[in-house]
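Below: the structure, in structure tokens.
No value in this document is a laboratory result; all are computed from the given coordinates. Worth saying up front: this structure is predicted, and the values here are computed from it rather than measured. Using ideal geometry, Cβ is built from the backbone for each residue, glycine included, and neighbour counts are taken over all protein chains shown.
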């Protein structure tokens with residue numbers, strides 16, 4: 001049986017529907033991803049050459065590499081400037097075979113907030129996974145995005161960049177058409193597997209070990 005609503009009930013129902021509509025609009029606005037840079041003044045990053053094939057490198061790029069296995073490059077964040085379209089990341093950097101004790105060269109990286117302008121930078125906004133997913137919708141077909149890994153295919157080689165959860169490049173590899181690694185560079189700041197869980201487990205293990213040792217000592221004293 002249907003019941004007729006009075007004016008008060010209709011008015012309350014209208015207000016309720018209007019509030020639901022406002023909540024919907026608010027959720028749609030909040031759903032739009034807002035990116036930020038997760039690097040800060042004073043942060044230091046060092047990358048090390050793990051593999052290099054000088055012969056194939058020269059064959060592809062036309063010149064010999066100026067680095068060898070074990071060589072490192074360093075970058076220190078001086079400032080991160082927020083602009084309407086992105087960020088200007090001011091970095092002091094040291095090239096391979098440079099003396100890290102001396103002053104480096106200052107360089108500014110421009111990073112856009114719009115994922116459509118992703119440009120193979122060593123730093124990308126956070127959340128990097130969402131940023132790269134959005135970037136994949138606008139990038140040309142030579143790019144392949146898989147999570148935090150970016151593969152870029154050129155005519156005679158492919159470049160593979162992998163980022164961490166902070167949007168910092170942790171590994172960069174160049175491979176020729178025969179599958180030979182031309183050069184592979186890896187960040188020495190890689191995150192420890194399992195992250196905080198790993199450290200938590202270590203702390204728990206250490207505490208447990210201390211308790212066991214103390215109990216053994218007490219037992220020895222008793223007996």
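Some values worked out for this structure:
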read-out: Whether region 109-192 is rounded, prolate or oblate, judged on the alpha carbon gyration tensor where a/c under 1.5 counts as rounded; value: oblate
read-out: Exposure proxy order (Cβ contacts within 10 Å, fewest to most) of 113, 149; value: 149, 113
read-out: Contour excess over end-to-end distance, with Cα ends at residue 146 and residue 100 and 0.36 nm allotted per residue; value: 13.1 nm
read-out: Gyration tensor (alpha-carbon) shape descriptor, region 54-109, a/c threshold 1.5; value: oblate
read-out: Computed lengthening from residue 64 to residue 155, 0.36 nm per intervening residue step minus Cα-Cα distance; value: 30.8 nm
read-out: Cβ-based exposure ranking for 111, 144, in which fewest neighbours within 10 Å come first; value: 144, 111
read-out: Residues 106, 60, 34 arranged by fewest to most Cβ contacts within 10 Å; value: 34, 106, 60
read-out: Segment residue 90-residue 41, extension gain: residue separation times 0.36 nm, minus the distance between their alpha carbons; value: 16.7 nm
read-out: Cα gyration tensor category, rounded, prolate or oblate, for region 44-187 with a/c compared to 1.5; value: oblate
read-out: Region 44-187, relative contact order [Cα under 8 Å, separation at least 6], %; value: 22 percent
